[in-house]
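The values are calculated or read from the model by the stated rules, or taken from the named source; none is laboratory data. The model shown is predicted, which means the values in this text are computed figures rather than measured ones. Methodologically, a virtual Cβ is constructed for each residue, glycine included, from the backbone with ideal geometry; neighbour enumeration extends over all protein chains shown. Surface areas here come from the heavy atoms of the whole protein model, side chains and all, with no ligands, DNA or RNA. Shrake-Rupley method; radii C 1.70, N 1.55, O 1.52, S 1.80 Å.
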Amino acid sequence: MGAIVLDGVIINDNCIIGAGTLITQGKIIPEGSLVYGNPMRIVRNITDVEKESICTNALNYVEKAKKLFKNLLTIGFHYGIMFKRVSARLIFG
C-alpha cells in the first residue's frame with residue numbers, strides 16, 4: 001500500500017508518510033512530521049528516536065543492496081551472464 005502524492009507537493013526532511021495516505025496538490029509537509037490519512041493530516045512531530053531509526057534503516061537498506069548486487073554479479077559471471085563492474089561502481093561507489 002503506497003501513498004499517493006499529487007503534483008507540487010513538497011515533503012521536507014525526516015518525515016514519515018503512512019501507507020495509503022493521499023497528499024493533495026501543492027501541500028507542504030513540514031520537517032519532522034508524521035502524516036497519514038485520506039486526505040492527509042499532520043498527526044504529530046516525530047521524535048528524535050524515530051529520526052534516528054529512519055537514518056539507521058536507510059543505511060541498512062543500502063548495505064543490503066550492496067551485498068545483493070555483489071552476489072548477483074558473482075552468480076551472473078558464474079553462469080556467463082554479462083554484468084559490467086563499471087555499473088556496480090557507479091551505483092555503489
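What to note about this one:
- Test: residue in region 12-27 that is outside any loop (DSSP other than H, G, I, E, B) and either modelled with pLDDT under 90 or surrounded by fewer than 12 Cβ atoms within 10 Å (Cβ to Cβ) (or both): no
- Among residues that are under 24 Å from ALA58 (Cα atoms), out of contact with any Ser or Thr (no Cβ under 7 Å at 6 or more places or on another chain) and open to solvent by 60 Å² or more (accessible area, probe 1.4 Å), VAL9 is not included.
- When region 28-44 is limited to residues that are within 19 Å of the chain's Cα centre (by Cα) and not aliphatic (A, V, I, L, M), the one that is surrounded by the most Cβ atoms within 10 Å (Cβ to Cβ) turns out to be SER33.
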